[in-house]
Amino acid sequence: MDKMEAYGIPASITLAQGILESGSGNSELSRKANNHFGIKCHKGWNGKTFHMDDDAKNECFRKYKSPDDSYRDHSLFLTSRDRYADLFKLDIMDYKGWSRGLKKAGYATNPKYPQLLIKIIEENNLYEFDKGITPAYLTEKPYEPVVSEAVVAEAVKYPAAAAYELAEIWETGRKVYINNGVKFIFVAAGDNFSDIAADFEIYSWQLPKYNEVDKKTQLEEGQMLYIEKKNKKNKEAGTHTVKAGESMHYISQLYGIQLRQLYKKNKMEEGSKVAAGKVLRLD
């Protein structure tokens, strides 16, 4: 359902494909490689691999750290390839159309693939998971950074990497950290949105959105940059006493909280500055 909101793929389709392709999570590929959709390596895949016989001997499949990574890559796989573009012109509730469209676009070779997906969806009432969800790109306005706040080149420096939990080291060598349950990196010299997005196999427009800055923002070395959406609150921290030179955007990055939520929690007008000594609510 999260992926449906973020990428515009019906949850029923994702679930049905996962059930079918992985044998309800019991296949060798899903158990040993966390690959729930049978996605093969394909050109450009730089991650870990798992080899097994399929249409041909010893075929190369993508291997993931967790099932969630597999579901995320499935969404990226469908949204980043031109051959699946027509699917996104369909009604988001039209799981039958999506099932037929996947086969037409070449996702599977089985001629009965659409019927199999539809049967799984209807036998398990998976269409219920589609209800009440509208893809973010249909409802969200493009983020417009507040004009009275400095969103880069902050007067204060971000904490050192040692202050955060190291979550993983990406295939490209980038170190990913966790803050308030959200993954982020520290910007290196010469980094830009496009290169970082390519490393993490996400869209370049997602990074400015996640970090609530303009897409033309120049990144600064040592800056915290989230690679997924920040949370609405930080229960663990609770409050923050503003220090001289800190901006609302800096504080939102420091605690992994959405900037607009930070303004809302503290009943402040978006774009307004905050005075040193003020105690901000984070939870």
**Asked** Among the residues of region 201-212, is there at least one that is more than 28 Å from LYS233 (Cβ to Cβ) and acidic (Asp, Glu)?
**Response** yes
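Among strands (runs of 3 or more DSSP E) lying entirely in region 167-248, which contain 3 or more residues that are farther than 27 Å from LEU78 by Cβ and more than 18 Å from the chain's Cα centre (by Cα)?
The qualifying strands (runs of 3 or more DSSP E) are 239-241.
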**Message:** Exactly one condition in (1) touching a strand residue (DSSP E or B) at 6+ places or on another chain (Cβ under 7 Å); (2) modelled with pLDDT of 95 or more is false for LYS40; which is it?
**Reply:** (2)
**Message:** Within region 249-260, take every residue that is in contact with a strand residue (DSSP E or B) (Cβ under 8 Å, 6 or more places away or on another chain) and in a helix (DSSP H, G or I) and give me the one that is nearest to ALA197 (Cα to Cα).
**Reply:** GLN253
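The values are calculated or read from the model by the stated rules, or taken from the named source; none is laboratory data. Just so we're clear, the structure is a prediction, and the values are computed from it rather than from any experiment. Don't worry about glycine lacking a Cβ; one is built from the backbone with ideal geometry, like all the others, and counts go over all protein chains shown.
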